[in-house]
Amino acid sequence: MSEKVAEKREFQAEVKQVLDIVVHSLYTDREVFIRELVSNASDALEKLRHLQLTEKDIFDDSLEAEINVTTDETAGTITIQDFGIGMNREELVENLGTIAHSGSKAFLKAIQENGSKNENLIGQFGVGFYSAFMVAEEVTVYTHSWKTDAEGYCWKSDGSGTYEIEESDGQRRGAKIVVKLKEDQQEFAKSDRVKGILENYSAFVPFPLNLNGEKINTVGALWLKSASEVTEEEYKDFYKFQANAFDEPRFWLHFSADAPLEINSLLFVPQQNMEQFGIGRMEPGVSLYCRKVLIDRHPEGLLPEWMRFARGVVDSADLPLNISRESMQDSSIIRKLSKVLTRRFLKMLAEKEKKDPDTFKDFYKNFSQFLKEGVVSDASNREQIAKLLRYESTHTESGTPTSITDYITRMGSDQKDIFYLFGSSRQSIESGPYLEAFQSRGLEVLFVTDPIDEFVMSHLGEFDGKKLVSADRQDVELPDADESGEDALSPEESESLTNWMKEKLGERVSDVVVSKRLTDSPAVVLNTDASMTPQMRRMMKAMNQEGANMPDMPVRFELNPKHSLIKSIAALQNTDEELASAVSEQVFAGARLSAGLEDDNSKVVKGMNEVLGKLLNR
Ligand code: ADP
């Protein structure tokens with residue numbers, strides 16, 4: 001192309017929103033833009049280093065892998081140049097004109113939810129390249145892709161809605177970002193000021209970093225040092241650098257091994273659970289290195305899916321350098337790495353709980369969804385993860401959870417199973433009819449209140465060789481309670497009542513029997529189908545149209561032969577069958593309601609009014 005015409009394009013709508021906030025908010029920590037641009041430069045160099053392992057044909061291949069920052073007080077500019085992979089035209093449009101970056105997405109979402117007035121939010125998310133517009137009158141990017149057949153380009157914008165792209169001859173490989181500073185931001189054109197910022201934020205850049213030709217000392221690969229050589233501050237700073245995060249890590253694991261594999265790793269648990277911001281699934285955040293060479297920033301399959309909240313670095317000298325993303329899945333070394341690291345990470349969490357319960361508690365509050373996902377999806381670590389789960393129970397105070405391991409220590413010698421009960425809250429479980437039988441026998445029941453716990457319990461199945469059993473199952477084996485049948489219905493009366501009621505309720509019940517479970521409630525319905533609990537039914541109904549037409553399953557209806565209401569029905573059955581029938585319907589509806597099987601409250605209210613009407617007109 002001989003004639004070079006600048007093409008003017010609009011930023012994507014989301015980018016405009018980000019820019020608008022970035023440019024117009026009064027924001028104190030503007031200096032972070034330097035960190036963002038240096039971090040992009042470092043990424044581009046790492047990507048190049050990796051390409052060089054497999055590609056022979058690389059443009060300008062003799063260039064040093066380094067980052068050069070230059071300031072010019074007279075021109076009022078700061079320039080960040082790298083000799084990394086650079087960008088071609090499509091990449092410029094895609095990367096600098098749309099939101100590719102998950103931090104920016106989370107930022108926008110949080111701004112939308114919290115209102116654009118919250119300036120602190122900018123500090124919590126990296127907005128990447130666009131942060132340059134906090135200080136820039138204009139940003140110009142000169143770049144040439146590593147691909148030999150690409151052209152050089154110049155990209156330019158003042159951050160107000162549009163940008164220009166133009167072909168530009170004579171560009172070296174990589175990217176040179178020239179930030180023309182606003183009148184009131186000239187401090188970033190001063191060498192001393194920038195030196196301080198680089199030393200502060202970019203100490204871990206794994207490439208030579210120069211400011212106006214002078215080398216800035218960097219710390220480099222922290223994970224290769226021994227833990228005793230690293231300060232707490234260095235860990236925190238490294239986390240921020242590596243995860244491109246603005247929060248502090250909650251805690252971390254610095255783990256090295258020589259055999260059977262050589263591993264140097266540094267795993268961090270972040271402060272924030274980014275998935276809570278509704279940005280969708282996080283990418284895996286632990287980068288894979290081989291002898292300080294980055295292999296994959298977000299490797300799928302290095303660690304189990306549920307560990308995607310962890311950030312950090314894993315370096316193994318045993319990895320083949322040219323391992324590709326595709327072949328990673330089948331690599332036995334990766335599998336071994338994954339196994340060792342996951343176990344070690346779980347061990348660290350367990351130790352954390354012992355040594356620092358409050359820290360663990362807060363971690364659990366924010367990240368338990370991942371552990372629960374792990375129990376469901378990670379069969380090989382299921383029980384280890386389950387050890388970390390915490391639930392309240394009939395034996396704990398409200399707000400004080402217990403572990404399943406501790407539950408087991410409290411089990412009596414004749415208790416075989418671990419009992420749990422699902423409900424929307426502790427209170428709703430406690431006020432339902434299911435606990436009576438367990439409490440009267442001194443059996444502990446775990447309260448599970450998170451919808452995912454249903455799946456957790458059914459996937460876990462058992463713990464430490466003991467079955468996990470839902471307390472509303474009809475086949476729960478309970479030891480006989482002390483029954484002084486004196487004021488209860490006689491066996492003949494009971495039989496007559498249950499037979500009669502079974503006929504009245506018809507197909508809605510699989511059976512009507514006298515209950516051994518109940519002490520206070522008149523009746524209870526029990527779940528006959530372990531594979532479809534009331535909660536699962538409700539979830540299915542909520543999720544799909546088909547679910548809305550799911551027929552109700554027949555339930556087992558158990559009556560309390562000592563309850564005055566049941567005894568009255570038995571008596572009434574012979575004198576006023578119509579009223580007995582209406583009251584029975586109402587008791588049945590109430591029991592279904594407690595079981596979470598009744599979706600239509602208005603039906604229950606209508607039935608109640610009918611019964612009241614009949615009673616008053618007697
Ligand atoms: P992030 O770096 O977190 O992905 P940015 O908004 O900072 O988000 O950058 C968007 C994209 O632009 C990057 O993912 C990268 O593909 C590209 N990019 C930014 N800076 C450079 C650079 N110096 N060299 C090559 N590509 C770059």
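The values are calculated or read from the model by the stated rules, or taken from the named source; none is laboratory data. Here the structure is a predicted model, which is why all the values come from computation and not from measurement. All Cβ positions, even for glycine, are placed from backbone atoms using ideal geometry, and neighbour counts span all protein chains on display.
Quick notes
- Filtered residues of the stretch 259-279 (kept if in a loop (DSSP other than H, G, I, E, B) and within 21 Å of GLY220 (Cβ to Cβ)): GLU262
- Filter result for LYS215 (within 22 Å of SER39 (Cβ to Cβ), charged (D, E, K, R) and within 16 Å of the ligand (Cβ to nearest atom)): no
- Check on ARG343, surrounded by fewer than 19 Cβ atoms within 10 Å (Cβ to Cβ) and at pLDDT below 95: no
- Residue in the stretch 197-216 that is in a loop (DSSP other than H, G, I, E, B), among the aromatic types (Phe, Trp, Tyr) and surrounded by 15 or more Cβ atoms within 10 Å (Cβ to Cβ) present: yes
- Hits in the stretch 42-93 - residues which are within 26 Å of PHE11 (Cβ to Cβ) and without any contact (Cβ under 8 Å) to a residue 24 or more places away in the chain: GLU90
- Candidates LEU92, LEU63, LEU51, filtered to the one that is part of a helix (DSSP H, G or I), over 28 Å from VAL5 (Cβ atoms) and either outside the structural domain of SER39 (by TED's automatic domain parsing) or within 15 Å of the ligand (Cβ to nearest atom) (or both): LEU51
- In the set (1) assigned to a loop (DSSP other than H, G, I, E, B); (2) within 24 Å of the chain's Cα centre (by Cα); (3) buried (at least 18 other Cβ atoms within 10 Å of the Cβ), LEU443 fails one condition alone, (2).
- Matching entry among THR28, THR79, THR74, THR70 (being more than 9 Å from the ligand (Cβ to nearest atom), outside any helix (DSSP H, G or I) and at pLDDT below 95): THR28
- Of residues in the stretch 409-440 being in a loop (DSSP other than H, G, I, E, B) and hydrophobic (A, V, I, L, M, F, W, C), the one surrounded by the most Cβ atoms within 10 Å (Cβ to Cβ): LEU435
- PHE241 vs. criteria crowded, with 19+ Cβ neighbours inside 10 Å and in a helix (DSSP H, G or I): yes
- Selection of the stretch 164-178 for residues being closer than 15 Å to PHE83 by Cα and in a loop (DSSP other than H, G, I, E, B) yields GLY170, GLN171, ARG172, ARG173.
- Qualifying residue in the stretch 338-349 (condition: assigned by TED's automatic domain parsing to the domain that holds ASP315 and among the β-branched types (Val, Ile, Thr)): yes
- Tally, over the stretch 211-245, of residues that are of a type in the set (S, T, N, Q), free of Cβ contacts under 8 Å to residues at least 40 places away in the same chain and farther than 15 Å from ASN264 by Cα: 3
Residue by residue, here is whether (1) of a type outside the set (Phe, Trp, Tyr); (2) in a loop (DSSP other than H, G, I, E, B); (3) more than 19 Å from LYS354 (Cα to Cα) holds:
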{"position": "SER380", "(1), (2), (3)": "yes, no, yes"}
{"position": "TYR391", "(1), (2), (3)": "no, no, no"}
{"position": "HIS395", "(1), (2), (3)": "yes, yes, yes"}
{"position": "SER398", "(1), (2), (3)": "yes, yes, yes"}
{"position": "TYR407", "(1), (2), (3)": "no, no, no"}
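- Taken over the stretch 131-186, the criterion of being β-branched (Val, Ile, Thr) and either crowded, with 20+ Cβ neighbours inside 10 Å or not assigned by TED's automatic domain parsing to the domain that holds GLU36 (or both) is satisfied by VAL135, VAL139, VAL141, THR143, ILE165, ILE177, VAL178, VAL179.
- Spans of strands (runs of 3 or more DSSP E) in the stretch 282-339 with at least 1 residues modelled with pLDDT under 90 and among the aromatic types (Phe, Trp, Tyr): 285-290
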